[in-house]
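Colleague: The structure's right below; bear with me while I get my questions together.
The values are calculated or read from the model by the stated rules, or taken from the named source; none is laboratory data. For clarity, every value in this text was computed on a predicted model and none was experimentally measured. Every residue, glycine among them, receives a Cβ derived from its backbone with ideal geometry; neighbour counts consider all protein chains shown.
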Amino acid sequence: MIIAPLYLGKFALPAQILIRRYSDRMNEIICATCCGSTQEKRNEKFGYQGAFRHIRKLARGKIVHCEAFPIALVIPEEKRDDSEAFMNTRLTDDNFKGEILEKFKGFIAEVRKS
Ligand SMILES: Cc1cc2nc3c(=O)[nH]c(=O)nc-3n(C[C@H](O)[C@H](O)[C@H](O)COP(=O)(O)O)c2cc1C
């Protein structure tokens with residue numbers, strides 16, 4: 001499993017390099033990211049779908065699942081348009097609840113199938 005943040009529409013460079021160099025030696029790869037892009041914006045230039053497409057290409061068919069954990073899921077709805085709140089929010093034990101926790105449980109269930 002490879003977990004990395006997204007920067008400028010792609011997985012962080014060390015994750016890209018790892019996959020490009022070593023995917024041939026891996027069986028099935030699962031990728032996950034904590035990212036700024038929301039589900040609504042996932043198809044935009046810096047959205048996670050583009051990053052998933054890119055990393056899948058680098059992995060040459062080895063990726064079996066990609067999952068995004070948008071930071072917006074732990075930001076109160078009224079602050080989701082506040083860019084400062086976005087940049088300053090980190091996942092913590094305290095805020096890892098509700099929608100993001102449900103998403104995580106779904107992810108774990110999916111991973112267990114692989
Ligand atoms: C310079 C910079 C560029 C970023 N670019 C993107 C992006 O293109 N798409 C995205 O979804 N999130 C983007 N983000 C949000 C990060 O993926 C998110 O904040 C992640 O949690 C950062 O992890 P870190 O706190 O360990 O650096 C960006 C954050 C920074 C600081």
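Colleague: Let me spell it out: the conditions are (1) of a type outside the set (S, T, N, Q); (2) free of Cβ contacts under 8 Å to residues at least 60 places away in the same chain; (3) not in a loop (DSSP other than H, G, I, E, B), and Lys41 meets all of them except one. Which number is the exception?
Modeller: The one condition Lys41 does not meet is (3).
Colleague: Something else: Could you list, in sequence order, all residues of the range 44-63 that are touching a residue at least 12 places away in the same chain (Cβ under 8 Å) and in a helix (DSSP H, G or I)?
Modeller: Tyr48, Gly50, Ala51, Phe52, His54, Ile55, Leu58
Colleague: Can you find a residue in the range 66-76 that is at pLDDT 95 or above, within 12 Å of the ligand (Cβ to nearest atom), surrounded by fewer than 18 Cβ atoms within 10 Å (Cβ to Cβ) and of a type in the set (Gly, Ala, Ser)?
Modeller: no
Colleague: Got a number for residues in the range 66-82 being in contact with a strand residue (DSSP E or B) (Cβ under 9 Å, 6 or more places away or on another chain) and either hydroxyl-bearing (Ser, Thr, Tyr) or in a helix (DSSP H, G or I) (or both)?
Modeller: 1
Colleague: Something else: Take Ala85 and tell me if it is within 12 Å of the ligand (Cβ to nearest atom), outside any loop (DSSP other than H, G, I, E, B) and touching a residue at least 60 places away in the same chain (Cβ under 8 Å).
Modeller: Answer is no for this residue.
Colleague: Select from the range 1-37 the residues that are near the ligand (Cβ under 8 Å from one of its atoms), assigned to a loop (DSSP other than H, G, I, E, B) and not aliphatic (A, V, I, L, M) and write down the one among them that is surrounded by the most Cβ atoms within 10 Å (Cβ to Cβ).
Modeller: Selected residue: Ser37.
Colleague: Being loosely packed, with under 10 Cβ neighbours inside 10 Å, part of a loop (DSSP other than H, G, I, E, B) and either of a type in the set (D, E, K, R) or within 15 Å of the chain's Cα centre (by Cα) (or both) is the filter here, so list the residues in the range 88-114 that pass it.
Modeller: Arg90, Asp93, Asp94
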